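Contents: one structure, followed by commentary.
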Amino acid sequence: MASRNGEPLIQARGLVKRFGELAAVDSVDFDLQRGEAFGFLGPNGAGKTSTMRMIGCVSPVTDGKLSIFGLDPARDGVEIRGRLGVVPQEDSLDMELTVRENIIVYGRYFGLARSVLRKRADELLEFVELTDRAKDRVEPLSGGMKRRLTIARSLVNDPEVLLLDEPTTGLDPQARHVVWDRLYRLKRQGVTLLLTTHYMEEAEQLCDRLVVMDKGKIVAEGSPRELIERYSTREVVELRFGDTRPDDFAYWTDGLVSRVEPLPDRVLLYTDNGDAASHGIHERGLVPESVLVRRSTLEDVFLHLTGRSLIE
Amino acid sequence: MTTPTLAARPLEFYFAQYRRVWRGTAISTVVTPIVYLLALGVGLGVFADRFADLPSGVSYLEFVAPGLLAATAMQLASFEASWPVLSAIKWSRQYHAMLATPLRIGDIVLGHQAFIAARMLMTATVYLVVIAILMPFFDSTVSPLGILAIPVTVLVGIAYAAPIAAWGAHTENEASFVAIFRFVILPMFLFSGTFFPISELPRVLEGIAYLTPLWHGVDLCRQLMLGEVILVSAIAHVVYLLAWIVIGMTLAFITYRRRLVV
């Protein structure tokens, strides 16, 4: 079953998805290697979900080349989907059935035997810590529990690649961390993950490698560390002003920082030494309401590359 | 390489779901037609038998029972193909879950229709058993050929369920189902020969009644349950119902694909 060593599990070249005039995915190239956790980072409407749907063989490719396990999604959808696990953005659990039945019924779609599925369901529920809810109906479960169940369900066919479309969108921070912990464990077990997210923290925590997407195009590619090093400085100084916000930042920061990013609610100064920079402007007489020195994140990378925030 | 149909797999899902809700549906699908049968067949039947001129001296109960069987099949199947289809697309998103597995559009369409067909078989069987038990109490009988009315309800049901499912996968607007039930299904229920021969209708309406799948189902069930089968006419009924099924299924394949694979 395994593809030859070194050959990517998924390969896209000049991949395009067009809806009428709109190019949702506008000629993207990427490779997914076995065992890695690969992410698409970008705001809503960047083309991440369209890309995922093409990989999931539920959206025909408009143009370009897409190969999954060396197969063609237009022709070999049945085989490809049998080897993928999909965690969709919107839950598609059946509310009338129990937690356990949801996994078993879904496993039957793959043609797996009931006896196998009963055992598998118990293991998966244990993994997502839902064993004690196995016999409960799905409907009253919390959002975080439903997500975990969706993840358990997506693993029922022992997929070679797990597709996760915005896996923690809509969850509260605590539930999000539980989901990340489970995904991190999967990654440690060697499951290949392909995820989309607009949370830079999610991308930083889970992805070995990611591409930054904006308006259907890939604007950068690398590990979270590499991207930050390449497109941002080591540190960022965040300045907030009250009513009297100066506008001539170039004057105040000249020679102190490598780049200034004025945002509506705050001003970001990019520098390798945040403390020195904040001292410097203070000495020049600029007194903001608050000053925060932090390290650069993927959010800063995105801002630099597109001039916009990830979450708008 | 083409994989044979995998429609049996989603069928299991519908049965798992049905196990949770069957008590509620048992009332509406079995008890309701029996109440109708008693009220119309027995109550109204007293008048009808006195004044009406039913063919070859059958009782009104014998006349109306097959009509109710076919009409119930139409109603039940139409309902099963309306909101549940829209829900599987928009709310519960079950079709999307299925499409993330080896199942294809064709399997999803067939799987859902197969479940509706199964519901027809179950309901019609219970209904016929009840009729067979009740009839002798009212000096009426049902022909052994009536057993064949059970598969006929599948034809009637799918002749409605397939085009309605096709519409369900096409429409964005669930209110259109209310309109379909009020302005299409209900008039057919009343005027397609269920309760009186369509020859009683004005000429124009009689012509329209001939076009409804329900009338063909009613007449075929009636021939079978009265044990007075006219072979040519029976075959024509089956062919007509099959035509609706083929057209409805074809439309469903098209609208499902257009809606789900974009």
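The values are calculated or read from the model by the stated rules, or taken from the named source; none is laboratory data. Predicted, not measured: the structure shown is a model, and the values here were computed from it. Virtual Cβ from ideal backbone geometry, glycine too; neighbours counted across all protein chains shown.
Out of A:Val116, A:Val78, one residue alone is touching a Pro at 6+ places or on another chain (Cβ under 6 Å) and without any contact (Cβ under 8 Å) to a residue 12 or more places away in the chain. It is A:Val78. On the stretch given as region A:187-204, residues that are surrounded by 18 or more Cβ atoms within 10 Å (Cβ to Cβ), at pLDDT below 95 and not in a loop (DSSP other than H, G, I, E, B) total 6.
All of (1) surrounded by fewer than 16 Cβ atoms within 10 Å (Cβ to Cβ); (2) modelled with pLDDT under 90 hold for A:Ile281 with one exception: (1).
In region B:239-262, how many are in contact with a His (Cβ under 8 Å, 6 or more places away or on another chain) and hydrophobic (A, V, I, L, M, F, W, C)?
Counting residues in region B:239-262 that are in contact with a His (Cβ under 8 Å, 6 or more places away or on another chain) and hydrophobic (A, V, I, L, M, F, W, C) gives 2.
Search region A:218-270 for residues being touching a strand residue (DSSP E or B) at 6+ places or on another chain (Cβ under 8 Å), aromatic (Phe, Trp, Tyr) and outside any strand (DSSP E or B), and hand back the single one that is farthest from A:Ala24 (Cα to Cα). Among those residues, the one meeting the criterion is A:Phe241.
Each residue in region A:17-65 was checked for being among the polar types (S, T, N, Q) and more than 18 Å from the chain's Cα centre (by Cα), and 3 pass. Of all residues in region A:77-89, those being within 7 Å of chain B (Cβ to nearest Cβ), in contact with a helix residue (DSSP H, G or I) (Cβ under 8 Å, 6 or more places away or on another chain) and surrounded by fewer than 19 Cβ atoms within 10 Å (Cβ to Cβ) number 0.
The set of residues in region A:103-143 that are in contact with a Lys or Arg (Cβ under 6 Å, 6 or more places away or on another chain) and within 12 Å of chain B (Cβ to nearest Cβ) comprises A:Ile103, A:Tyr106, A:Arg108, A:Tyr109. Between A:Glu123, A:Glu101, the distinction of being among the charged types (D, E, K, R) and surrounded by fewer than 17 Cβ atoms within 10 Å (Cβ to Cβ) belongs to A:Glu123 only. Could you please let me know if A:Gly274 is modelled with pLDDT of 90 or more and either loosely packed, with under 12 Cβ neighbours inside 10 Å or outside the structural domain of A:Leu210 (by TED's automatic domain parsing) (or both)? Criteria met by A:Gly274. Look at B:Ser92 and say whether it is out of contact with any Cys (no Cβ under 7 Å at 6 or more places or on another chain), in a helix (DSSP H, G or I), surrounded by 13 or more Cβ atoms within 10 Å (Cβ to Cβ) and without any contact (Cβ under 8 Å) to a residue 24 or more places away in the chain. In short, no.
All told, B:Leu110 falls short of being farther than 30 Å from A:Pro60 by Cα and in contact (Cβ under 8 Å) with a residue 24 or more places away in the chain. Applying the set (1) more than 7 Å from every other protein chain (Cβ to nearest Cβ); (2) touching a helix residue (DSSP H, G or I) at 6+ places or on another chain (Cβ under 8 Å) to B:Met122 leaves exactly one unmet item: (2). A:Thr150 meets the conditions (1) in a helix (DSSP H, G or I); (2) touching a strand residue (DSSP E or B) at 6+ places or on another chain (Cβ under 6 Å); (3) surrounded by fewer than 23 Cβ atoms within 10 Å (Cβ to Cβ) in every case but one. The failed one is (3). Looking at region B:1-47, which of the residues that are at pLDDT below 80 and part of a loop (DSSP other than H, G, I, E, B) is nearest to the other protein chains (Cβ to nearest Cβ)? Looking at the filtered set, the residue picked out is B:Thr3. Would you mind stating whether B:Thr212 is in contact with a Gly (Cβ under 8 Å, 6 or more places away or on another chain) and farther than 30 Å from A:Thr51 by Cβ? When the stated conditions are applied, B:Thr212 does not pass them. Here A:Ile218 passes the criteria (1) surrounded by 15 or more Cβ atoms within 10 Å (Cβ to Cβ); (2) closer than 30 Å to A:Asp181 by Cα; (3) in contact with a Leu (Cβ under 9 Å, 6 or more places away or on another chain) except the one numbered (3). Kindly establish whether A:Val58 is within 12 Å of chain B (Cβ to nearest Cβ), more than 20 Å from A:Arg209 (Cα to Cα) and in a loop (DSSP other than H, G, I, E, B). Here the answer is yes, as A:Val58 does meet what is asked.
If you go through region B:58-89 and pick out every residue that is within 14 Å of chain A (Cβ to nearest Cβ), farther than 16 Å from B:Val261 by Cβ and crowded, with 24+ Cβ neighbours inside 10 Å, you end up with 0. Within region A:4-33, if we keep just the residues that are outside any strand (DSSP E or B) and crowded, with 17+ Cβ neighbours inside 10 Å, the residue that is nearest to the other protein chains (Cβ to nearest Cβ) turns out to be A:Leu9.
Every listed requirement among (1) more than 7 Å from chain A (Cβ to nearest Cβ); (2) crowded, with 24+ Cβ neighbours inside 10 Å is met by B:Thr101 save one, (1).
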